[in-house]
1. Among the residues of the range 108-122, write down those that are over 10 Å from residue 88 (Cα atoms) and β-branched (Val, Ile, Thr).
2. Report, by residue number, each residue of the range 198-219 that is in contact with a strand residue (DSSP E or B) (Cβ under 7 Å, 6 or more places away or on another chain), small (Gly, Ala, Ser) and closer than 16 Å to residue 176 by Cα.
3. If you go through the range 194-211, how many residues are buried (at least 18 other Cβ atoms within 10 Å of the Cβ) and not in a loop (DSSP other than H, G, I, E, B)?
4. Scan the range 97-116 residue by residue and report those that are in contact (Cβ under 8 Å) with a residue 12 or more places away in the chain, in a loop (DSSP other than H, G, I, E, B) and touching a strand residue (DSSP E or B) at 6+ places or on another chain (Cβ under 7 Å).
5. Can you pull out the residues in the range 212-239 that are of a type in the set (A, V, I, L, M, F, W, C) and outside any strand (DSSP E or B)?
6. Is it the case that residue 28 is over 26 Å from residue 120 (Cα atoms) and modelled with pLDDT of 70 or more?
7. One residue is enough: does the range 133-146 have a residue meeting the conditions modelled with pLDDT under 90, farther than 26 Å from residue 71 by Cα, not charged (D, E, K, R) and not in a strand (DSSP E or B)?
Amino acid sequence: MNFSKNALSITKPFCRDIIQLFPLIIVLLFSFSSSGQHQERERIYFDSEIGNKNVASFEIFSVYPDGNGLKQHTFDAVPRRANSSPKFSPDGKHVIFGTYKYGGYKIAIANSDFTQQRKFTIGPHYTYVGSWSPDSKKVAYNKVDTKRAPYFQGDFEIFVMDLERSTDENISNTKGSDFGPQWSSDGKKILFGSDRSGNSDLYIMDGDGKNIKNITNTPKIDEFGFSWSQKGDKIAFHVIHRDAKSKYIDLYTMNADGTQRKNLTNNQSAKRNPFVPYYAGAPPIFYGSSWSKDGKRIAFSSKRNSSNFQIFIIESNGERLEQLTHNTVNNVFPSWYTER
């Protein structure tokens, strides 16, 4: 009996305190929940002509993988030019992207929310976005080789800029164009495309440019628009057969060593993706791809259902093709990114 009275006397003030703190507890729980959801919320960034009256004037937009939450991130609207191909540093602090606002194609850098934009690469040479190393200390990118042409013409070379050591080194330095360098998830390898063999093949090399290996080696087939899965075990890429009468472009996957090629899109629709150059003589430059964080889905750009490029998502096993953007302008170069 005495125990019950003592317990009751202790419980009453305890319950009163809990009731008074209840609103604060709810707020804290909601904050933690929202923070967790935000950290794991993925967005797909892409270049689009949405809202631009100038032809080929691209800005950077993003949406959630379900197609909702459209957001514009750049607002320069340079006529017939672009802000394009954003790549976020793995530490979540910065983003690099291509731009024409500094006179000729250059790379810009900004905070991850696109504030404090500034020029990243130096000199008059045209430069194009590549990728960050996993430790966010280096950037691999393309610079136009000017040995035999003006600064805006010539072959692409792959450079690596070390942000800590302030060095900038050409690690490809060969005849032909080497393009689209992408670091592996462990930072040991760089995936890139090259026409050094006479057609567009995919290669892998060490981070210093050594031990180059052609992992496709397909003389009558061009591979381009490629991306490495975040685990580094798979590669997505686009394919066009040079000797085919009907030139369709399909999305493939393969292992990182080039084995087990699989066509994901040839059975998805009667309206396949025809190769239609953006302008006369242009290579198929707008067929980008990007993997989701879990490696289960791939975002890619295609003309399969309209006269304009749209962004699509497909499962990495080739199932459930979905169209993400639905408008009357071009949408290209998807990049899957997990917000922090």
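The values are calculated or read from the model by the stated rules, or taken from the named source; none is laboratory data. Values in this document were obtained by computation on a predicted structure and should not be read as measured data. All Cβ positions, even for glycine, are placed from backbone atoms using ideal geometry, and neighbour counts span all protein chains on display.
1. 115, 121, 122
2. From the range 198-219, those in contact with a strand residue (DSSP E or B) (Cβ under 7 Å, 6 or more places away or on another chain) are 199-207, 211-218; that's our starting set.
Keeping just the survivors that are small (Gly, Ala, Ser) gives 200, 207.
Listed by number, the list holds a single entry, 200.
3. Matching residues across the range 194-211 total 6.
4. 100, 102, 105, 112, 114
5. First pass over the range 212-239, keeping only residues of a type in the set (A, V, I, L, M, F, W, C): 212, 215, 221, 224, 226, 228, 235-237, 239.
Passing the criteria: 212, 215.
6. On the way: over 26 Å from residue 120 (Cα atoms): yes; modelled with pLDDT of 70 or more: no.
No; evaluated as a whole, the condition is false for this residue.
7. If we filter the range 133-146 for residues that are modelled with pLDDT under 90, which is where we start, we get 144-146.
This time we only want the ones that are farther than 26 Å from residue 71 by Cα, so: 144-146.
From the residues that got through so far, the ones that are not charged (D, E, K, R) too are 144, 146.
Those still in the list that are not in a strand (DSSP E or B) too: 146.
There is at least one residue in the range 133-146 that is modelled with pLDDT under 90, farther than 26 Å from residue 71 by Cα, not charged (D, E, K, R) and not in a strand (DSSP E or B).
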